[in-house]
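The values are calculated or read from the model by the stated rules, or taken from the named source; none is laboratory data. Since this is a predicted model, take the numbers as computed values, not measurements. For neighbour counting, all protein chains shown are included, and Cβ atoms are generated from backbone atoms with ideal geometry for every residue, glycine included. Surface areas here come from the heavy atoms of the whole protein model, side chains and all, with no ligands, DNA or RNA. Shrake-Rupley method; radii C 1.70, N 1.55, O 1.52, S 1.80 Å.
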Amino acid sequence: MAVFTPVSLQDLTPWISSFSLGSVSNIRGISSGIENSNFFVSTEKGEYVLTLFEKLTFDELPFYLNLMQHLARKGIKVPAPVPDKNGKILHSLHGKPACLVTKLVGDWQPEPEALHCAQVGDMMAKMHLAGQDYSLQQPNPRGLEWWKKTVPLILSYLPVKTSFMLQDELRFQEEFASTNLYWRLYRGPIHADLFRNNVMFDSTRLTGFFDFYFAGCDTWLFDVAVAINDWCIDPGTGELDSVRVRAFLDAYHAVRPFTLDECAAWKTILRGAALRFWISRLYDFYLPRDAEILTPHDPCHFERILRLRIAQPAPELVL
């Protein structure tokens, strides 16, 4: 969503002629995030989002785009890929894979309250159930195997005590992933990155989840943990807000009840979700890519969250 590959109105005009959207009148870059080049596009038929993929390949993208299409057809509020006149949803622009999707109404909520968290929990559960019959399979691209490959690349940048903590937590998560408990957890396609800035609200009404380009097949509980670690915390300290946590978990549970196994795994999964984003933020901070607009996130934020999740009891899952 940082702009790595600029696109002008002159570039876009001939490209968009393959769609039934009329002429294009405006394009503007979106300056949040650090993975893809994203733009708001205005046409005669409405507003859309154009994405040029900087890492994902033509072979990898069908999982994400077809998942969004699958969920949209099942009534889940997500951006729907826009087909061209021949029905294609994956294209090329400036030599990069590209797609056009519908633009969600509203804006993200930087200071969520319990009513926002409840709606996110409710729709996440519906999304998980809707994805059960999705036919394509792909492991979580930022799951355990990625952690194991990435941690050695960043250790030399860290103080010794921090490096030891990172390696200890990785070993802990590896051991958990080899247990029968872990493999009994329900799983399927998950968003895997459902932070506050990946959800739209129109006033207090949730209008959709977006940015599915870290999605993969993993435990549903991991998706819940990623969201809890962002939606339900004090952003300055990483401490959980019990009211928002309860609103999220209760709303999710009302749609897709938690299991005894999930209750037993919950604290460890919360830790794993914090570890995942600590690793990725360390990687992006110390080994960044060039971009026209790029603001790496502070990795210390998720180090603090991980320390808290290790030290404190996990909030209870309701049965």
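Decide, for the range 166-226, between rounded, prolate and oblate: order the square roots of the alpha carbon gyration tensor eigenvalues as a ≥ b ≥ c, take rounded if a/c falls under 1.5, and otherwise choose prolate if a/b is larger than b/c, else oblate. Since a/c reaches 1.5 and a/b is larger than b/c, the shape of the range 166-226 is classed as prolate.
Compute the longest continuous run of the chain that contains no exposed chymotrypsin sites (Phe, Trp or Tyr not before Pro); treat a site as exposed when its DSSP state is not H, G, I, E or B and it has at most 15 other Cβ atoms within 10 Å. Within the chain, the longest run free of exposed chymotrypsin sites (Phe, Trp or Tyr not before Pro) spans 187-319. For the range 204-309, applying the loop criterion from DSSP together with a ceiling of 12 other beta carbons within 10 Å to the GluC sites (Glu not before Pro) yields 292.
Placing pseudo-labels 7 Å out from each Cα toward the beta carbon at residue 11 and residue 297 gives an inter-label distance of 2.6 nm. The value given for the chain is a Kirkwood hydrodynamic radius of 20.4 Å, derived from the mean inverse Cα-Cα separation.
Only Cα pairs under 8 Å and at least 6 apart count here; give the relative contact order of the chain as a rounded whole percent. With pairs under 8 Å counted, the relative contact order is 19 percent. Straight-distance candidates among the lysines for linking to residue 161, with alpha-carbon spacing under 16 Å and chain neighbours fewer than 8 residues away dropped, are absent.
With the Kirkwood sum run over all distinct C-alpha pairs, the range 123-237 has a hydrodynamic radius of 16.1 Å. Rounded to 0.05, the FRET efficiency of the residue 92 and residue 202 pair, given R0 = 30 Å and the Cβ-Cβ distance, is 0.35.
Could you compute the net charge surrounding residue 300? Neighbours are other residues with a C-beta less than 12 Å from the C-beta of residue 300; K and R count +1, D and E count -1. My count for the surroundings of residue 300 gives +1. With a Cα cut-off of under 21 Å and a minimum spacing of 8 residues unless on different chains, the lysine pairs in the range 66-126 number 10.
Here the average projected area of the convex hull drawn through the C-alpha atoms of the range 1-93 stands at 6.1 nm². Does anyone have the angle between helix 220-231 and the longest principal axis of the chain? Alpha-carbon axes, 0 to 90°, nearest 10? Approximately 80 degrees, to the nearest 10. Helix 144-154 and the longest principal axis of the Cα set of the chain meet at an angle near 90°.
When the residues 28, 244 are ordered by accessible surface, computed with a 1.4 Å probe over the protein chains alone, the sequence from largest down reads 28, 244. With K and R counted +1 and D and E -1, the other residues having a Cβ less than 13 Å from that of residue 21 yield a net charge of 0.
Evaluated over the Cα positions of the range 64-207, the convex hull gives a direction-averaged projected area, one quarter of its surface, of 12.6 nm². Rolling a 1.4 Å probe across all protein chains gives residue 255 an accessible area of roughly 40 Å². Estimated at the nearest 10 Å², the accessible area of residue 185 is 10 Å² with a 1.4 Å probe. Relative to the longest principal axis of the Cα atoms of the chain, helix 260-286 runs at roughly 60 degrees.
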